[in-house]
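In what follows, a single structure is set out as structure tokens and then discussed.
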Amino acid sequence: MELFEHLSMGFGVAFTPVNLLYALLGCLLGTLIGVLPGIGPVATIAMLLPATYALPPVSALIMLAGIYYGAQYGGSTTAILVNLPGESSSVVTVIDGYQMARKGRAGPALAAAGLGSFFAGCVGTLILAAFAPPLTELAFKFGPAEYLSLMVLGLIGAVVLASGSLLKAISMIMVGLLLGMVGTDVNSGVARYSFDIPELTDGIGFIAIAMGVFGYGEIIGNLANSSADREVFTSKVSGLMPTRQDFKRMVPAVLRGTALGSALGILPGGGALLSAFAAYSIEKKTKLHPGEVPFGKGNIRGVAAPESANNAGAQTSFIPLLTLGIPPNAVMALMVGAMTIHNIQPGPQVMTSNPELFWGLIASMWIGNAMLIVLNLPLIGIWIKLLSIPYRWLFPAIVLFCAIGVYSENNNTFDVWMVGIFGIVGYMFLKLGCEPAPLLLGFILGPMMEENLRRALLLSRGDWSVFVTRPISAGLLLAAVALLVVVLLPSVKAKREEAFVED
Amino acid sequence: MRKIKSQKDFWSGAMFCTVGTAFAWGATTYNVGEGARMGPGYFPLMVGILTAILGLVTMAKATVKGGADGDPIGRVAWRPLLFIIGANLAFGVLLGGLPSIGLPAMGMVIGIYALTFIASLAGDEFNLKGVAILATVLAVGSYVAFVWALKLQFPVWPTFITG
């Protein structure tokens, strides 16, 4: 078996003391920044990139990768205990995880997230190892038309998953696409919508939008409620392990989440965030067992599925990076940067020219996931101590971490102003009942969509039919249309609206 | 004019409409080009127009359909809004200074104290001693985590002291 040969070579690389140390360091840092709201893996990896100059390339990539998937573990802790997404991909975990914590079931929620992530991480790594080589071949068939259709499908999928008005969710994606246009156009070099502000020629920082809208906007919203109904809970946590009943419900949710996350992680534009959204929405569509807590009220499946999915997605999102050299999300874009620093050109040739790096990185993910489950479950006691911190101490700290995090991205106070502006915007979205997550997705995909639309139409000499005459592209678009039609069917529509009323 | 059935949706639509129109209008100042040779204005013009149309549809729908109480937007929570954003601004100004008005950088530590005090005013309770302790903990913690451990390049102390 070629796969085992490759993996044993990988483990040989990953099991050296130096690489074990860096994997551990990455996992620790990842958990820490996952737990801290407002500091995500993007900011941390960006901060640490310069520090990896001196390291051997394998060790550098192992550590940076550990930060990404480690953050998926840590992010759930904050989502459950503090009602804030410690990491953007934990946005949906907040919904049910926090409700579980309010009912004194923070322990089982954390365990479900940890165990689900571990399982999904192992499966995701295996899939990465098994499918990366053949996918390199398949991906050669993808042209710009296929990529664009794929992104359209991804966005439509995300919209169907958003709660509330479909119309507003699509509009939010469009606003995200527009915000993504700010900055220098790669083709013409024209600085668009930059108002002659030099910092804006690089575009608006993803971190500034995410921190402003999700961090500040939420804090302001929380503080606006009177102390009585403010979303802070003080109930005691008892019993870390889920009950037998919990396990029975968790296991199928973990399996579904893992499958979905692994599949969506591979897609360009996918990764941890999209996977978590999709998994949650699928769980919500399934029928509730008799006596089961409804979604939005603390259902353990609402924690297990998205947490498994985001970790599986985090692992498999390395596939487009390692096979095609295309970063499917912001974190992978930074990994491209890390590889370039070490003179490694990301792309299909990495597997053949740097096999130790390729397989060593994959093997390290397995080791890292094992480290994380050990780090997270015994250390959960420390995170639970966070519960005793009253909100009046917590929120200034969150504001501070957001401000410091966004500043350290570029060492520029301009980003601090931006996060403030997006805080106001985020509060406005909250007041208007507009869900911000689709906006973020649109923001990330905007430049990629424009680029692929341009290339596709350049190749077809301006003929739009190219998107439906190429079979793979047509199939992807058809799937997107089918998804929209299904959601708009009167029966499904009524049910969907009913489901979201429960929130 | 018909009565608005959903205030939230109506004003959301107005917001989308404004944003879409603004971007589409901005796009016309760049070279738009054509399908086969898109200029920098092509894609934003297309998306901007689409966003504005979606905004109009949302507004129209809000006059027909909405919650029983008209989905009111509700009062704006000015106090948390002003103090949270103000704390953020104060931190930025103190950390980096404002050369345009000749304000030197005061550094991270002073910035953290200012941020903590201003942000704490956003809550219902304000206990001076508690906030002072919190600010000190955050300042020491941030120094250890970001400057000492992560070795980030922060101006820690005011420039007139460090030179």
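Quick look at the numbers
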item: Summed side-chain charge close to B:Leu121 - residues other than B:Leu121 whose Cβ falls under 14 Å, Lys, Arg +1, Asp, Glu -1; result: 0
item: Violating pairs (Cα-Cα greater than 24 angstrom) within the set A:Lys287/B:Lys61; B:Lys129/B:Lys151; A:Lys287/A:Lys431; A:Lys284/B:Lys61; A:Lys248/A:Lys287; result: A:Lys287/B:Lys61; B:Lys129/B:Lys151; A:Lys287/A:Lys431; A:Lys284/B:Lys61
item: Theoretical FRET efficiency, 1/(1+(r/R0)^6), r = Cβ-Cβ of A:Lys103 and B:Glu125, R0 30 Å, to 0.05; result: 0.70
item: Size of charge dipole - the protein assembly as shown - debye, nearest 20, with Cβ of Lys, Arg +1 and Asp, Glu -1, no other charges; result: 1540 debye
item: Spin-label zone in the range B:12-54 - amide nitrogen under 12 Å from a point set 7 Å from the Cα of A:Leu458 along the C-beta vector; result: B:36-40
item: Inter-label distance, nm, simple model (7 Å from Cα along the C-beta direction), A:Thr16/A:Thr469; result: 5.3 nm
item: FRET efficiency, 1/(1 + (r/R0)^6) with R0 51 Å, evaluated for A:Ala130 and B:Trp157 via beta carbons; result: 0.40
item: Anisotropy class of the range B:1-132 from Cα gyration tensor, a/c 1.5 cut; result: oblate
item: Residue-by-residue Karplus 3J(HN,Hα) for the range A:340-345, coefficients 6.51, -1.76, 1.60, Hz, glycine and proline x; result: 5, 3, 9, 6, 10, 7
item: Dipole magnitude of chain B, debye to nearest 20 (Cβ charges: Lys/Arg +1, Asp/Glu -1, about Cα centre); result: 340 debye
item: Rounded, prolate or oblate (a/c below 1.5 giving rounded, otherwise prolate when a/b exceeds b/c) for the protein assembly as shown by Cα gyration tensor; result: rounded
item: Förster-model FRET efficiency, 56 Å R0, B:Val144 and A:Ser353, C-beta, rounded to 0.05; result: 0.85
item: Percent RCO, i.e. relative contact order, over chain B, from Cα pairs under 8 Å lying at least 6 residues apart; result: 20 percent
item: Charge dipole (the protein assembly as shown, unit charges on Cβ, about Cα centre) - positive-most of A:Ile173, A:Pro41, A:Ile344; result: A:Ile173
item: Amide hydrogen neighbours beyond the local backbone of A:Ala191, cut-off 5 Å, H modeled; result: A:Asp185
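FYI, it's all coordinate maths here, none of it is from the lab. Being a predicted model, the structure only gives us computed values, none of them experimental. Positions of Cβ are generated from backbone atoms using ideal geometry, with glycine treated the same way; all protein chains shown enter the neighbour counts.
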